[in-house]
Amino acid sequence: MINYVKKIQKLKDKFDGKVVISAHHYQHPEIVKLADFVGDSYKLAVDCSRVNAEYIVFCGVRFMAEGAAILAKENQKILLPKMSAGCPLADFIDGEIMENVLMSIEQNFQISAIPVVYMNSYTDAKNVCGKFGGAVCTSSNAQKILEYYFAKGQSVFFAPDFNLGINTARKMNLKEGDIIKVNKDLTFSKNGKTPKLFIWDGNCRVHKRFIQSDVEQFKAKYPNGKLIVHPECDEAIVNLADISGSTSKIFSEIEKSKNGSVWAVGTEYFFVKRITDQFPQKTIVPLRQSICANMAKINLQNLYETLKSIDENIENLIVVNEKQNARKSLQKMIEIVEG
Ligand code: 13P
Ligand code: SF4
């Protein structure tokens, strides 16, 4: 059997800092071990934007690699080991739809809503976001970004994840009449008020799979166990949870919990399995086995082949042609979060 770990390590040593590997929390444990950066999508975007290596091999899905390419310095190249690693949630919106929604909001409510797009979107959506003065957000900072625009008295169009939008709105105590769900037919149910938050009707099928009976089963088995979930889960699940947050938040909450603690985790299964193996002194169970097939497309073999191509004939290069406004929207997020 080919020992890819050894081969990758050897190539990394040869490259001597010219290449770094960035890995999202959902990646295979052996890839995580080989990575220079590991984290949630916000941390990875910031880490990649600060590194000087000539090549960043991004082990994650395409919108994450595009994010790194948008923020990259001129001499940097971003590679994604499997180009078909997409994200069905990101496919729910594109730049053209965003422009149409913004125009429709203007016609129906006589306001210019500011677009806030979730990191889980492609460059064209981020370009529209930046063009209209908006910011990207991730699951770790959605509330901060919304607060920033609400404090200026602006209404926001949030896309594409409905659950992250509504779960964040609930945390902020937004009232029912302040929120409007927007879908493709662009018909709005008006209530005489100016809505604060318009939320696009997209979702992540990996996180939609968690249902209330999963929580009931866990609670029946572990009455004192805690539930921690990602905010891409349905509102009903987030409401039943003790904590909700980004993948980094999930990791750090479990890491700092006492030995003997019991957790059910509502997010991607392979990530939960990695945490379970890493903390054997704690009982950590998946709320349900829900796998992100796209994240799982990255493996040791395609990571090795991509690294090997760097000194031969570069493969899997991420190219983003028009990125000026997308860059603005990502920089705006970093500026708001880092203060
Ligand atoms: P995080 O930013 O929390 O890592 O989430 C990314 C993601 O795609 C979750 O499904
Ligand atoms: Fe996209 Fe969902 Fe996979 Fe995250 S878990 S990358 S949102 S499909």
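For the stretch 254-294, a residue qualifies if it is part of a helix (DSSP H, G or I), within 16 Å of ligand 2 (Cβ to nearest atom), in contact with a strand residue (DSSP E or B) (Cβ under 7 Å, 6 or more places away or on another chain) and of a type outside the set (Ser, Thr, Tyr), and the qualifying residues are VAL272, ILE275. In the stretch 76-90 there is at least one residue matching the filter, namely being free of Cβ contacts under 8 Å to residues at least 60 places away in the same chain and over 17 Å from the mean Cα position of the chain (by Cα). Please work out if PHE92 is more than 16 Å from ligand 2 (Cβ to nearest atom), over 20 Å from ARG327 (Cα atoms) and either of a type outside the set (Val, Ile, Thr) or out of contact with any helix residue (DSSP H, G or I) (no Cβ under 8 Å at 6 or more places or on another chain) (or both). When the stated conditions are applied, PHE92 does not pass them. Within the stretch 76-89, the set of residues being within 13 Å of ligand 2 (Cβ to nearest atom), of a type in the set (A, V, I, L, M) and surrounded by fewer than 19 Cβ atoms within 10 Å (Cβ to Cβ) is empty. Would you mind stating whether LYS221 is away from ligand 1 (no atom under 16 Å from the Cβ) and either loosely packed, with under 14 Cβ neighbours inside 10 Å or farther than 25 Å from TYR42 by Cβ (or both)? Criteria met by LYS221.
Condition test on VAL19, is it touching a residue at least 24 places away in the same chain (Cβ under 8 Å), more than 16 Å from ligand 1 (Cβ to nearest atom), touching a Leu at 6+ places or on another chain (Cβ under 7 Å) and closer than 21 Å to ASP311 by Cα? Yes; evaluated as a whole, the condition is true for this residue.
ARG205 satisfies every condition listed in (1) within 16 Å of ligand 2 (Cβ to nearest atom); (2) surrounded by 14 or more Cβ atoms within 10 Å (Cβ to Cβ) except (2).
Taking the stretch 105-168 as the region of interest, the strands (runs of 3 or more DSSP E) fully inside it that hold 2 or more residues being under 21 Å from PHE188 (Cα atoms) and either in contact (Cβ under 8 Å) with a residue 60 or more places away in the chain or more than 16 Å from ligand 2 (Cβ to nearest atom) (or both) are 114-118, 156-159.
Pairs are defined by a Cβ separation below 9 Å, a sequence spacing of at least 6 or placement on different chains, a first member in the stretch 199-228 that is more than 13 Å from PRO286 (Cβ to Cβ), and a second member that is acidic (Asp, Glu) and away from ligand 2 (no atom under 16 Å from the Cβ); the pairs so defined are LYS226/ASP242; LYS226/GLU253. Taking VAL320, is it modelled with pLDDT of 95 or more and either surrounded by 19 or more Cβ atoms within 10 Å (Cβ to Cβ) or part of a helix (DSSP H, G or I) (or both)? Criteria met by VAL320. Just to be sure, is GLU99 within 30 Å of VAL319 (Cα to Cα), free of Cβ contacts under 8 Å to residues at least 60 places away in the same chain, among the charged types (D, E, K, R) and surrounded by fewer than 20 Cβ atoms within 10 Å (Cβ to Cβ)? Yes: the conditions hold for GLU99. Of the residues making up the stretch 155-182, those that are farther than 18 Å from HIS230 by Cα and surrounded by fewer than 17 Cβ atoms within 10 Å (Cβ to Cβ) are ASN173, LYS175, GLU176, GLY177, LYS181.
Considering only the stretch 297-314, I want to know if a residue exists there that is β-branched (Val, Ile, Thr), surrounded by fewer than 17 Cβ atoms within 10 Å (Cβ to Cβ) and closer than 30 Å to LYS10 by Cα. Within the stretch 297-314 (the criterion being β-branched (Val, Ile, Thr), surrounded by fewer than 17 Cβ atoms within 10 Å (Cβ to Cβ) and closer than 30 Å to LYS10 by Cα), the answer is yes, since at least one residue qualifies. Can ILE78 be described as assigned to a strand (DSSP E or B) and on the phi < 0 side of the Ramachandran plot? So ILE78 fits the description; yes.
The values are calculated or read from the model by the stated rules, or taken from the named source; none is laboratory data. Given the structure is predicted, the values throughout are model-derived calculations rather than measurements. Note that we place each Cβ from the backbone using ideal geometry, even for glycine, and neighbour counts take in every protein chain shown.
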